[in-house]
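Novice: Sharing a structure with you now.
The values are calculated or read from the model by the stated rules, or taken from the named source; none is laboratory data. For clarity, every value in this text was computed on a predicted model and none was experimentally measured. Please note: Cβ atoms are built from the backbone with ideal geometry, for glycine as well, and neighbour counts cover all protein chains shown. For the accessible areas, the whole protein counts, side chains as well, though only heavy atoms, and no ligand, DNA or RNA atoms are used. Shrake-Rupley method; radii C 1.70, N 1.55, O 1.52, S 1.80 Å.
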Amino acid sequence: MGPKKILGVYGGLGPAASAEFMRLLAELAPASCDQEHPVVYLYSNPKTPDRSDALLRGGPSPEGPLKAGLETLCRWGADILAVPCNTAHCFIDRFREELPKPLIHIVEATVSRALEVSPACWLVATGATLASGIYEKEGERQGAQFFEPEPDERPEFDRIIRLVKGGRMEEAGERMKSACGLLWRRRELPVICACTELPLAWAAAGLPDERGVSSLESLARACLNELYE
């Protein structure tokens, strides 16, 4: 009756993205009744220091809270771990091998999913994620090619992310539609939403699913594949 493994989720980065991740787990699970769904422990900590601020401006590091939270999930009994935040993985990679349980890596899952759609994609994310090169490194490993917005276009996606975090979904959707339109005028390629707020803006914009790759959905599918193996 459902998976025996328990999924531990470190959420709150931000809350809306975590809620959407939990919804996707329920929607995509191959379950026909309550008992066939996985057990999920959610540790939601929106007080975690801002990941972009830490990477780009020397702000407080989230590394300690992330590690402590993931270790807490392991003590609770989680068998596998997930963090629905892309930029957080720049810090998680520093201690991933020290975790007591395996972590489903959002970047690895998203690149794998993107390759099922196209060998080349646009990559939109926080400025910190783009600056870190975490996607480029994984793309090179898996054989994917990414195109990024021009430097003067990247702050718009950070604005969209802040709008989603602030609950201003209509404006976020309008800006997302316009920003992606600019990219598509240059190259007709799928867009990887490599920040977990961006799939929510994508949905608010009414953009077609087949033209995008959601890092939230990619992580959810990877977790379910592991749970239902």
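Novice: Given (1) open to solvent by 60 Å² or more (accessible area, probe 1.4 Å); (2) assigned to a loop (DSSP other than H, G, I, E, B); (3) within 23 Å of LYS165 (Cα to Cα), where does LEU56 come up short, assuming only one miss?
Specialist: Here LEU56 meets the rest and fails (2).
Novice: Yes or no: THR110 open to solvent by less than 20 Å² (accessible area, probe 1.4 Å), part of a helix (DSSP H, G or I) and modelled with pLDDT of 95 or more?
Specialist: It is true that THR110 is open to solvent by less than 20 Å² (accessible area, probe 1.4 Å), part of a helix (DSSP H, G or I) and modelled with pLDDT of 95 or more.
Novice: So which of LEU42, LEU70, LEU123, LEU66 ends up being outside any helix (DSSP H, G or I), under 18 Å from the mean Cα position of the chain (by Cα), in contact (Cβ under 8 Å) with a residue 24 or more places away in the chain and within 19 Å of PHE21 (Cα to Cα)?
Specialist: Going through LEU42, LEU70, LEU123, LEU66 in turn, just one is outside any helix (DSSP H, G or I), under 18 Å from the mean Cα position of the chain (by Cα), in contact (Cβ under 8 Å) with a residue 24 or more places away in the chain and within 19 Å of PHE21 (Cα to Cα): LEU42.
Novice: So which of MET22, MET1 is open to solvent by 70 Å² or more (accessible area, probe 1.4 Å) and either touching a residue at least 24 places away in the same chain (Cβ under 8 Å) or under 15 Å from LEU227 (Cα atoms) (or both)?
Specialist: Only one candidate passes the filter, namely MET1.
Novice: Of all residues in the stretch 126-159, count the ones that are on the phi > 0 side of the Ramachandran plot and crowded, with 21+ Cβ neighbours inside 10 Å.
Specialist: Qualifying residue count, the stretch 126-159: 0.
Novice: Can I ask one more? Looking at PRO30, PRO46 in this structure, which one is at pLDDT 95 or above, within 18 Å of LEU219 (Cβ to Cβ) and surrounded by fewer than 22 Cβ atoms within 10 Å (Cβ to Cβ)? Give the derivation first.
Specialist: Details: PRO46 fails: within 18 Å of LEU219 (Cβ to Cβ).
Selected residue: PRO30, the only one of PRO30, PRO46 that is at pLDDT 95 or above, within 18 Å of LEU219 (Cβ to Cβ) and surrounded by fewer than 22 Cβ atoms within 10 Å (Cβ to Cβ).
Novice: Which of the residues belonging to the stretch 143-194 are charged (D, E, K, R) and closer than 22 Å to ALA88 by Cα?
Specialist: GLU148, ARG154, GLU156, ASP158, ARG159, ARG162, LYS165
Novice: Let me ask something else. Can you name the number of the only condition in (1) hydrophobic (A, V, I, L, M, F, W, C); (2) within 21 Å of GLY127 (Cβ to Cβ); (3) surrounded by 13 or more Cβ atoms within 10 Å (Cβ to Cβ) that LEU182 fails?
Specialist: Only one criterion in (1) hydrophobic (A, V, I, L, M, F, W, C); (2) within 21 Å of GLY127 (Cβ to Cβ); (3) surrounded by 13 or more Cβ atoms within 10 Å (Cβ to Cβ) is unmet by LEU182, namely (3).
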